[in-house]
Amino acid sequence: MVWGNILSTRPGRASAGVLTAVVLSAAVTGCAGNDDAATETTTSTGVAVAAPITTTSTVAPSGVGFDPESVPLSEVALGTFPYFAIPAGFENPNKEEPIADRDRVPMWTGDRIEWVIGKVYQSIIHAEEDRAFSKFALLEAIEKAVTDVGGVQVTESKFPSAVADTIDRDIRVAYSSGLGNIYGGTVTTYLVRQSDRRIWVHLSADSAGGSWMIAEEEVEADEN
């Protein structure tokens, strides 16, 4: 009865009012539906995208670092310690330092320091007088000398300053001629493995000159 009276008395306004109510109701319903859809879309997208996996580790995990026993045995007769000489075209401009018959020195393997106990030789390396120093030529010559007797390159990498700090200052000073720039400088390490000994070669060089250290440690003879 009420709706009938309203429609018969004021048809124009009643129709407009009803239409407005219907439109508002549809709009509210539509908005709510859109909100739900947006929520569903956001939730679905969040679940579908996987978080990226990153790592900052630059040190070889324990148990998978360099193993000296992995180097093939060399059977080449080496002669007298230190076995290798400064290459032609280079020299030590200073007085030769005496060989230590027994000492403990660090060798960088790329993932840690390997402490070697035995004979130790060290020297700085400059170009001969009236010749320009070539880092490339020095590295090339020493690599050839070592690999010719069955040695291998263990690493050519930065020696981290934090690792260098773990070396006693007395050792860093005593072997400064052989160690060279181990604070962030690039170090090349070689190893010649024989049945009864290991010969380590440490080499550091830059545009001005180089430093190298050779250390020999005795091991139990490999009967295999």
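Of all the residues in segment 167-192, those that are farther than 16 Å from W108 by Cβ and either under 25 Å from the mean Cα position of the chain (by Cα) or buried (at least 23 other Cβ atoms within 10 Å of the Cβ) (or both) number 2. Within segment 77-97, the only residue that satisfies the criterion of being over 13 Å from M213 (Cα atoms), of a type in the set (A, V, I, L, M) and surrounded by 13 or more Cβ atoms within 10 Å (Cβ to Cβ) is L78. Taking segment 137-224 and the helices (runs of 4 or more DSSP H) fully enclosed by it, the elements with 1 or more residues that are of a type outside the set (D, E, K, R) and more than 27 Å from A88 (Cβ to Cβ) are at 161-164, 169-174. Going by what's in this entry, would E128 be described as farther than 25 Å from Q194 by Cα, among the charged types (D, E, K, R) and in contact with an Asp or Glu (Cβ under 8 Å, 6 or more places away or on another chain)? Yes: the conditions hold for E128.
Residues in segment 98-151 that are of a type in the set (G, A, S) and either farther than 18 Å from Y83 by Cβ or not assigned by TED's automatic domain parsing to the domain that holds R169 (or both) were compared, and the one that is surrounded by the fewest Cβ atoms within 10 Å (Cβ to Cβ) is A132.
The set of residues in segment 162-219 that are touching a strand residue (DSSP E or B) at 6+ places or on another chain (Cβ under 9 Å), over 30 Å from L73 (Cβ atoms) and hydroxyl-bearing (S, T, Y) comprises T166, S176, S177.
Quick one: which of A88, A132 is over 16 Å from G180 (Cα atoms), free of Cβ contacts under 8 Å to residues at least 24 places away in the same chain and part of a loop (DSSP other than H, G, I, E, B)? From the options A88, A132, the qualifying one is A132.
The values are calculated or read from the model by the stated rules, or taken from the named source; none is laboratory data. Remember, predicted model here, so these are calculated numbers, not experimental data. Cβ sites come from the backbone with ideal geometry, for glycine too, and all protein chains shown count toward neighbours.
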